Amino acid sequence: MYRVNFHSKTRKKKKYGNKSKIYTSAIHGTRTFDSVKEANYCEELDWLLKAGEIKHYDLQVKIDLRGLQGKHVTNYFCDFKVQLADGTWEYHEVKGMVLPLWNLKWKLTEQQIAIDEPGTNLIVIK
């Protein structure tokens with residue numbers, strides 16, 4: 001009797017149908033991104049860096065979302081934190097599909113950034 005493993009070569013589909021992409025960044029090295037759109041945006045940031053329009057950027061920046069009395073509630077991981085040529089910082093989030101839970105966490109993130117880093121812009125790239 002032969003046993004056939006049908007699951008050995010099949011890949012698990014992503015929840016929302018997005019496809020991951022491997023990209024080698026100028027400053028962050030080779031990395032697998034959760035979506036093609038996110039990887040393409042990282043490539044765009046590399047070009048802006050080369051052109052001198054931005055100074056630096058970080059990937060997957062953890063933001064501590066706190067509630068009353070400063071107690072930790074949850075974390076939000078923003079796709080990119082970008083330092084512009086003038087030295088100011090922005091958070092960039094690349095979104096394909098906007099869901100209600102994300103909307104809630106994004107509003108909490110906006111409030112937390114307004115407290116922790118007043119004047120810092122949050123930008124959603126759709």
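The values are calculated or read from the model by the stated rules, or taken from the named source; none is laboratory data. Quantities reported herein were computed from a predicted structural model and do not represent experimental measurements. No Cβ is skipped: glycine too gets one built from the backbone with ideal geometry, and neighbour counts run over all protein chains shown.
For this structure, a couple of remarks:
- Yes/no for E44 being under 24 Å from N18 (Cα atoms), of a type outside the set (F, W, Y) and surrounded by 16 or more Cβ atoms within 10 Å (Cβ to Cβ): no
- When segment 87-101 is limited to residues that are free of Cβ contacts under 8 Å to residues at least 40 places away in the same chain and touching a strand residue (DSSP E or B) at 6+ places or on another chain (Cβ under 9 Å), the one that is surrounded by the most Cβ atoms within 10 Å (Cβ to Cβ) turns out to be Y91.
- Candidate set from segment 48-59 (those that are loosely packed, with under 12 Cβ neighbours inside 10 Å and of a type outside the set (D, E, K, R)); member that is nearest to A85 (Cα to Cα): G52
- Test: K21 is of a type in the set (K, R), touching a helix residue (DSSP H, G or I) at 6+ places or on another chain (Cβ under 7 Å) and either closer than 20 Å to W89 by Cα or surrounded by 15 or more Cβ atoms within 10 Å (Cβ to Cβ) (or both): yes
- Filtered residue count, segment 80-126, keeping only those that are of a type in the set (V, I, T) and assigned to a loop (DSSP other than H, G, I, E, B): 3
- Extreme residue, modelled with the highest pLDDT, among residues of segment 30-59 that are under 16 Å from D79 (Cα atoms) and small (G, A, S): A39
- Taken together, the residues in segment 60-72 that are modelled with pLDDT under 95 and under 11 Å from L108 (Cβ atoms) amount to 1.
- Residues being loosely packed, with under 13 Cβ neighbours inside 10 Å and not in a helix (DSSP H, G or I) - total across segment 61-72: 5
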